[in-house]
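One structure is given here, and the rest of the page talks about it.
Computed from the coordinates by the stated procedures, all read-outs in this text should not be read as laboratory data. As the structure is a computational prediction, the values presented were derived from the model and not from experiment.
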Amino acid sequence: MSRFIDGDGSFAVSIAKKKSGLDQKDLDLLVQIKDFFKVGSTKDLIKYILPHFDKYPLATAKLKDYLVFKKIILLMEKGEHNYLPGLLKIFSLRAILNKGLPGIIKTEFPYIIPAILPEFKVSSDFNPHWLSGFIAAEGSFFISLYSNEKRKAGLSQHVKDIELLERLAKYLKCGRISEASNRETAE
């Protein structure tokens, strides 16, 4: 499960009203993940999800998101989200997850200072099972019919994971890393 989340998952904390823009196949996948972990509440997250990711840590920069998510869940478990000081702590943490705070929260609480992201060091010791799952989620294989180039395999990640790509190339003893022109992805 960790390798899938490293490839295609994210950690989110919903502050606004729930709404979903997912395709049916994505919703089906979420149901499968929910069934895998047997979760549905904050207590379930603490009992099943957190121990899983503590035992099988993520290898990408998503580990930072997990650590922030975990802090928020533990604050909620203590009931801190029911009081303004605790809610402000949660907003501060939520501000550094994914795309930050929703606009309505920024408007209502303009003084929220984003928390500092936890430190993260990319591992050089890749588990073959993690690697196979990560490549299944993120990898691609392609052949050009119009050039003399060899067949290629590729991985693409956000530039915040460029160090991971560099270490993977070293671990696999092949490949080169290039940053895309949009400066948001690296391959």
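Observations
- Taken over the alpha carbons of the range 29-108 as equal point scatterers, the Debye sum produces base-10 log I(q)/I(0) values at 0.14, 0.27 Å⁻¹ of -0.55, -1.28.
- Given 62/173; 47/70; 121/170, the pairs whose alpha carbons are separated by over 22 Å: 62/173
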